[in-house]
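Below is one structure, written out as structure tokens; comments come after it.
The values are calculated or read from the model by the stated rules, or taken from the named source; none is laboratory data. Here the structure is a predicted model, which means the values were calculated and not measured. Here the Cβ is made from the backbone with ideal geometry for all residues, glycine too, and neighbour counts use every protein chain on show. Remember, those area values only see protein heavy atoms, side chains included, never the ligands or the DNA or RNA. Shrake-Rupley method; radii C 1.70, N 1.55, O 1.52, S 1.80 Å.
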Amino acid sequence: MVSTLTPAAPASAPPEVGATLQRLRLARGLTLEDLSRIAGVSKSMLSQIEREKANPTIAITWRLANALGVQIGELLSSEVRSSDMIRVVDAHEIPTLPGAHAGYSLRILGPMDLAGKYEWYELTLAPGGELASQPHDPGTSEHLTVLSGAVELEVGLEKKRVKHGATARYPADVAHTIRNAGKTEAKALMVVVHR
């Protein structure tokens, strides 16, 4: 009696994250430098991952997924998903630029592919916190709607208090600072329009 052995199924290879990462990055119009800044992962590491020269750790994969606004499973999958008509981005998927040292948190609400044209953020300022910005490109403007608390807005040499519910519109191609001089947290929606 001759026994036949069936060959064992080949062990599945680890997912090729690089191609998926590059596809998602390019679909959002991001450079390696853009994604590096948003995700907090070095540009050289991103380049190595995209060229399949390095495998990202779980922590790096999580940061990249958050920065790209996708589930971690989508980054690990090589399948190209058909796009849904309605794309819901859960709160934990929204990239956040922490400015804890200055008492602010900036959640990036707008899609990455519009960065450089239109950007919108949720700004949270702790008491005494401030977001100080250097001049943006010529013609850039910002629109700040205070959702809770009140803020002091300084644009160039002019200062104004913006209360809950009010919207301030101002040129952002000059140095500008948004600060919370109050005793409670302030929250605002900030829209940046580039020309």
*Using a 1.4 angstrom probe and counting only protein chains, how large is the accessible area of Ser42 in Å², to 10?*
60 Å²
*Residue by residue, what Karplus-based ³J(HN,Hα) values in Hz, rounded to whole numbers, does segment 97-111 have, using 6.51, -1.76 and 1.60 with θ = phi - 60° and x for Gly and Pro?*
9, x, x, 3, 4, 10, x, 9, 9, 10, 8, 7, 8, x, x
*Picking from Val88, Val41, Val17, which is most flexible by a Gaussian network model of the chain using Cα springs under 10 Å?*
Val88
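What do you reckon, how do Arg51, Arg63, Arg25, Arg169 stack up by accessible area (1.4 Å probe), largest on top?
Largest to smallest exposure gives the sequence Arg169, Arg51, Arg63, Arg25.
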*Reachable aspartates and glutamates, given that their alpha-carbon falls under 18 Å from the alpha-carbon of Lys187 and they are not under 8 places away in the same chain*: Glu119, Glu122, Glu130, Glu142, Glu152, Glu154
*Potential extension, Thr31-Leu147 segment - 0.36 nm per residue separation minus Cα distance*: 38.5 nm
_Solvent-accessible area per residue, Å², over segment 13-66 with all protein chains present [probe radius 1.4 Å]_ = 54 Å²
*Charge dipole magnitude, Cβ of K and R +1, D and E -1 - segment 30-118, Cα centre, debye nearest 20*: 260 debye
*List the DSSP H helices in the chain whose Cα atoms stretch 20 Å or more along the helix axis and whose mean Kyte-Doolittle hydropathy is at least 0.0.*
none
*Quickly work out the Val174-to-Ala19 label distance, labels modelled 7 Å from Cα along the C-beta direction, and quote it in nm with one decimal.*
5.3 nm
*Can you bin segment 35-123 into rounded, prolate or oblate? Criterion: square roots of the alpha carbon gyration tensor eigenvalues sorted a ≥ b ≥ c, rounded for a/c under 1.5, prolate for a/b above b/c, oblate for the rest.*
oblate
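What is the dipole size for the chain, taken about its Cα centre, with +1 at each Lys and Arg Cβ and -1 at each Asp and Glu Cβ, in debye to the nearest 20? The partial results should precede the final answer.
On the way: 21 positive and 21 negative charges, 64 e Å.
With Lys and Arg at +1 and Asp and Glu at -1, about 300 debye.
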*Local charge sum around Val151 (other residues, Cβ-Cβ under 12 Å, Lys/Arg +1, Asp/Glu -1)?*
+2
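Can you give me the Kirkwood hydrodynamic radius for the chain, using every pair of distinct Cα atoms, in Å to one decimal?
Value: 19.1 Å, from the Cα pair sum.
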